[in-house]
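Take a look at the structure set out below.
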Amino acid sequence: MVGCGDNKTEKTTETLSEIQTEEIVATDTSTKTILCFGDSITAGYGLDDTNNAFPGVLQQKIDSLNLNYTIVNSGVSGETTAGGKGRIDWILNQDIDIFLLELGANDGLRGVNLVETATNLQSIIDAVKSKSPKTKIILAGMQLPPNMGQEYTRDFKQIFMNIAEKNDLAFIPFILKDVGGIKELNQNDGIHPTVEGHKILANTVWDVLEPLL
């Protein structure tokens with residue numbers, strides 16, 4: 001009788017341990033994903049530690065607030081909208097709760113036809129909506145330096161506004177707000193933000209991201 005009782009206790013303990021383990025696993029897998037899909041700005045080009053890029057800064061902020069989100073940095077230096085369109089299907093082989101689209105700067109700097117840029121951005125958005133209709137999409141707008149020509153610069157800026165309105169997306173009008181063109185907040189190339197610049201970028205993104213969390 002005593003022996004049976006001891007065995008029962010051991011089995012009960014094992015069962016509780018299994019349940020607790022399952023609960024821990026369930027908690028881990030319930031973490032929501034924010035995917036930042038972009039170019040060198042997202043990737044943190046030129047930084048000694050890419051965790052200092054704005055996605056990493058956002059993760060620090062999220063962790064400090066004990067929010068159940070993990071940020072995935074899917075930035076590729078030199079990426080164009082065509083390149084993003086080419087790899088989006090592979091990227092979508094994971095569950096994504098919030099998708100931040102930050103592409104287009106390299107198109108503009110290369111003088112890519114604006115219709116092509118707009119079409120590629122729309123294709124990426126369509127792919128996300130088709131694969132994961134519940135995913136919330138944030139579009140990060142970009143602006144170009146004036147040396148690209150007044151008409152091209154104006155129309156380039158308008159692309160992002162039009163796409164955000166057409167698709168009813170959360171919208172960041174200019175991701176480099178308060179950073180672009182400011183020497184001390186950019187690296188020697190005058191294009192890529194410094195660590196301090198990325199902190200400002202993170203705050204700009206946070207203003208739009210926070211209401212979606």
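The values are calculated or read from the model by the stated rules, or taken from the named source; none is laboratory data. In this text, all values refer to a predicted model and were calculated from it rather than measured experimentally. Cβ placement follows ideal geometry from the backbone for every residue including glycine, while neighbour counts extend to all protein chains displayed. With ligands, DNA and RNA removed, areas are computed over all heavy atoms of the protein, side chains included. Shrake-Rupley method; radii C 1.70, N 1.55, O 1.52, S 1.80 Å.
Could you grab the pairs with beta carbons closer than 7 Å, sequence gap of 6+ or different chains, first residue in the stretch 101-114 and farther than 26 Å from residue 168 by Cβ and without any contact (Cβ under 8 Å) to a residue 60 or more places away in the chain, second one open to solvent by less than 10 Å² (accessible area, probe 1.4 Å) and among the charged types (D, E, K, R)? Matching pairs, first to second residue: none at all. Once the stretch 194-213 is narrowed to residues that are in a helix (DSSP H, G or I) and within 15 Å of residue 69 (Cβ to Cβ), the residue that is farthest from the chain's Cα centre (by Cα) is 211.
How about the stretch 140-189: which of its residues are in contact (Cβ under 8 Å) with a residue 24 or more places away in the chain, part of a loop (DSSP other than H, G, I, E, B) and open to solvent by 60 Å² or more (accessible area, probe 1.4 Å)? If the condition is that a residue be in contact (Cβ under 8 Å) with a residue 24 or more places away in the chain, part of a loop (DSSP other than H, G, I, E, B) and open to solvent by 60 Å² or more (accessible area, probe 1.4 Å), then 143, 173, 177, 178, 181, 189 are the ones that fit. Restricting the search to the stretch 90-99, which residues are touching a helix residue (DSSP H, G or I) at 6+ places or on another chain (Cβ under 8 Å) and either over 22 Å from residue 211 (Cα atoms) or open to solvent by 40 Å² or more (accessible area, probe 1.4 Å) (or both)? Matches in the stretch 90-99: 92 only.
Considering the stretch 40-89, and only residues there that are of a type in the set (Asp, Glu) and not in a helix (DSSP H, G or I), the residue that is farthest from residue 209 (Cα to Cα) turns out to be 48.
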